[in-house]
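Here the structure is laid out as structure tokens; the discussion comes afterwards.
Derivation of every value follows stated rules applied to the coordinates shown; laboratory data play no part. Quick caveat: nothing in here was measured; it's all calculated off a predicted structure. All Cβ positions, glycine included, derive from the backbone under ideal geometry; neighbour counts span all protein chains shown.
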Protein chains: 2
Amino acid sequence: MATIKDIAKIAGVSVTTVSRALNGYSDVNENTRQKIIEIAKQLNYSPNTLARSLVMNKSKTIGLLVSGLKRESSKDNFTFEVLAGVNQYVGETDYDMILFSTNSTKQREKTYTQLCRERRVDGAILQGIRIDDPYLQEVVESDIPCVLIDIPIESETVGYVTTDNVLGARKAVQHLIDLGHKNIAMINGYEFALVSQKRLEGYRRALLEANLPFYTHWVVDGKFEEEIAEQEALRLLKQYPEITAFFCASDLMALAVIKAVKKLGKRVPEDIAVIGYDDIFLASYSTPPLSTVAQNIFAMGYEAAKLLIEMLEGKAESHVKVLETELKIRESTVKNHL
Amino acid sequence: MATIKDIAKIAGVSVTTVSRALNGYSDVNENTRQKIIEIAKQLNYSPNTLARSLVMNKSKTIGLLVSGLKRESSKDNFTFEVLAGVNQYVGETDYDMILFSTNSTKQREKTYTQLCRERRVDGAILQGIRIDDPYLQEVVESDIPCVLIDIPIESETVGYVTTDNVLGARKAVQHLIDLGHKNIAMINGYEFALVSQKRLEGYRRALLEANLPFYTHWVVDGKFEEEIAEQEALRLLKQYPEITAFFCASDLMALAVIKAVKKLGKRVPEDIAVIGYDDIFLASYSTPPLSTVAQNIFAMGYEAAKLLIEMLEGKAESHVKVLETELKIRESTVKNHL
DNA sequence: CGTAAAATCCGAAACGTTTTGGAAAAAGTT
DNA sequence: AACTTTTTCCAAAACGTTTCGGATTTTACG
């Protein structure tokens, strides 16, 4: 493979000159520059990024650390959309992206930090890492610039992007209240998931604002799993027949709740209204189509990449970005809506 | 960041020894090795892969070139599953993976080959590249080892993994024939898509084997798009009322066909049977659940990565892998199945 | 004890770039 | 003609690693 040296030899100049010519420095004669470019083209020259990175001490590479890059996670394609968003922005720059999956064998042997340092990534984006993951702390405390998705930690070298989960949940519950519901249960996700805490907060706030009582026994964790959500919904519906609406922390769980409602011979939304969270692809295809709080996950990925690269170039004003959510009203809460 | 030199200085040995100690060579005393390892640990040393790759002339990196890493492609998450599969296998090795998306701005400026050569990937996996993409030829003709997904090109340096699309289609159509259907239309994908050609071939073969006539006007291209598929199905159903079944080259199109059938006031499967291809997530959730030909896309990614790395290590017996498909019979062809 | 063999170590070159600090040549200015 | 300035070029060092070829020390053995 042709190197800068080969070009230099043929052109009869030093490697310095070739390097500077190819990189557009002004201290090389335009004629020799053209000659060099011509030769480079003929030799089909590609710069060796490895060598360049080594001497420049930056790789123009960002690492994307994701958990949940497994088969099952194609249901909610959160990870995929983040990935696509990151990829989109990265593609607009001269950075490349290297993908580390954390549920691999490697993870157990090497920490995220090690992976990043070995590959000399300039920065990293972390997605789907659990808040109690010991390695998370390690990355955050390292000097590797990184931006987190849905985890609000901020420092000199770390930023994050998230959506306003409190507001999102509030809007959802408010929508139910506006429809006249007074007895609204919540199927939450996972106690230690930050988004769950936030969405619970939004649920509570909405009730409070409407002067409705908040019952802790009407809030259950579905662990983001369909089966559990279905069981819990069945239990709640039997135990508290006064419940007329469900707010669920994920669409998948909301779909499970609908299933439960149907099993009891009741109708959605006439008897029980159900609203989800995420706006996964399935939501608009289900029967009835699911009302939900849409997050623009693609945008989260895009903004995360943008933020990270701005941080790397030292031109980030803020280290945090909060995106908007959108209430999508479909027929699981309002019959014949549009 | 600590280097091998720092370790050498502290340990009072040469860099050579440190290198060889850390890499497990046998010509270093076990005591000094332990001392070196200890120091490395204390300095929190991580080897610089860039430097290593530079001198070894291999990067232990594979490139994943995908098209279709865009927002819309989350419907059929083909790309995602391939990615997950590749990632899975790569995670089991000491390789890492760098992701190139071809629908980015960069693509227009740099060819795939350039991207690969600059980043010095050892090999590449190509997914979703159109068969008439001029850059495809370039990669294949370059000396970069690569494996293609669903494109049967084989050479010294290129292999591929695919599923048996002819057989898959044949099984689907045979299933319809077994149910007593004699007038079966096909909604195909895209003329230049290889899978479409193969599936058409399978459709034709199944008809032939059953001594049923093959009408070219009963085969239309839906371009893998829902709207087109729906329109074409409507047109066919009106024009040829004798049609009782549809074989579709993708699940999304099959769902669109079901929509069309319903619009005409007919029932699936009683009046019209519909079978798809892919087994996307949505297929099992639709009403009625969609019969389809399932491809294990995750496995395709996994096998692609495996094949590539075997090729890189020089231990690949064959350069091609053909995976099986599975006929999934649901209620869009057989009422009350199970 | 002397020598052969084995064990342990190391210096230096190499990988392909960028960059620093000038040097040489050309052009401009009195 | 004698300078200054500008333009154009380059040698050498540096980045962090691996590896080749050999040197030195220790051990084994007669």
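How big is the equivalent ellipsoid of segment A:180-313 along its three axes, where each semi-axis is √(5λ) from the Cα gyration tensor, reported in whole Å from largest to smallest?
In descending order the semi-axes read 29, 17, 13 Å.
Could I have the simple spin-label model distance between A:Leu323 and A:Arg267, label points 7 Å from Cα toward Cβ, reported in nm to one decimal?
My value for the distance between the label points is 3.7 nm.
If all Cα-Cα distances of segment B:247-289 are sorted into 10 Å bins from 0 onward, what percent lands in each bin, rounded to whole numbers?
With a bin width of 10 Å, the distribution comes to 32, 59, 9.
For a bin width of 10 Å, list the pair-distance distribution of chain B built from all Cα-Cα distances, rounded to whole %.
Going out from 0 Å in 10 Å bins, chain B shows 5, 22, 24, 18, 14, 7, 6, 3, 0 percent.
Provide the convex hull volume over Cα atoms per residue for segment B:160-252, in Å³.
Spread over its residues, the Cα hull of segment B:160-252 gives 90 Å³ apiece.
Given 0.36 nm per residue, what is the gain on full extension from B:Glu191 to B:Leu179 after removing their alpha carbon distance, in nm?
Fully extending the segment from B:Glu191 to B:Leu179 adds 1.4 nm.
So if I restrict to the alpha-carbon atoms in segment B:8-137, what is the Rg, and what is Dmax, the biggest pairwise distance, in Å?
Gyration radius and largest Cα-Cα distance of segment B:8-137: 20.4, 60 Å.
Fewest Cβ neighbours within 10 Å first, please rank B:Val18, A:Val219 accordingly.
Sorted ascending by nearby Cβ count, the order is A:Val219, B:Val18.
Going Cα to Cα from B:Lys182, which aspartates and glutamates come in below 17 Å? Please leave out same-chain ones fewer than 8 positions away.
Result set, ordered by chain and number: B:Glu209, B:Glu242, B:Glu270, B:Asp271.
Which value, in Å³ per residue, describes the convex hull spanned by the Cα atoms of the protein assembly as shown?
197 Å³
For B:Glu156 and B:Gln239, calculate 0.36 nm times their separation in residues minus their Cα-Cα distance, and state this gained length in nm to one decimal.
Gain in length upon complete extension: 24.8 nm.
Among the listed pairs B:Lys9/B:Lys35; A:Lys315/B:Lys110; B:Lys238/B:Lys263; B:Lys238/B:Lys259, which have their C-alpha atoms separated by more than 18 angstrom in this model?
Long pairs (Cα-Cα over 18 Å): A:Lys315/B:Lys110.
Mean 1/r over all different Cα pairs, inverted: what Kirkwood radius does segment B:207-260 give, in Å?
11.6 Å
Angle check, please: helix A:165-178 long axis (alpha carbons) against the longest principal axis of chain A (alpha carbons), in degrees 0 to 90, nearest 10.
30 degrees
For the cross-link pairs A:Lys60/B:Lys321; B:Lys262/B:Lys335; A:Lys70/A:Lys335; A:Lys262/B:Lys335; A:Lys262/A:Lys328, which exceed 26 Å when the distance is taken from alpha carbon to alpha carbon?
A:Lys60/B:Lys321; A:Lys70/A:Lys335
With N set to the number of residues, divide the alpha-carbon radius of gyration of segment B:270-330 by 2.2 N^0.38 Å and report two decimals.
1.57
At q = 0.14, 0.19, 0.31 Å⁻¹, what log₁₀ I(q)/I(0) does a Debye calculation on the Cα points of segment A:156-200 give, no solvent, two decimals?
-0.43, -0.68, -1.11
What do you get for the angle between helix B:194-209 and the principal long axis of chain B? Use alpha-carbon atoms, 0 to 90 degrees, nearest ten.
For B:194-209 against chain B, the angle is about 40 degrees.
With r as the distance between the Cβ atoms of B:Thr287 and A:Glu227 and R0 = 30 Å, compute the FRET efficiency 1/(1 + (r/R0)^6) and round to 0.05.
0.90
Using a 7 Å offset from the Cα along the Cα-to-Cβ direction at both B:Glu92 and A:Thr3, what is the distance between the two label points in nm, to one decimal?
Reported label-point gap for B:Glu92 and A:Thr3 is 3.7 nm.
Compute log10 of I(q)/I(0) for segment A:18-86 with the Debye formula, placing one identical point scatterer on every Cα and leaving out solvent, at q = 0.19 Å⁻¹, to two decimals.
Debye intensities relative to I(0), on a log10 scale: -0.83.
Add -39500 (n - 2.57) for each DSSP H run of 4 or more in chain A, then divide by its residues: what number comes out at 222 nm, to the nearest 500 deg cm²/dmol?
Roughly -13000 deg cm²/dmol at 222 nm, from the helical runs in chain A.
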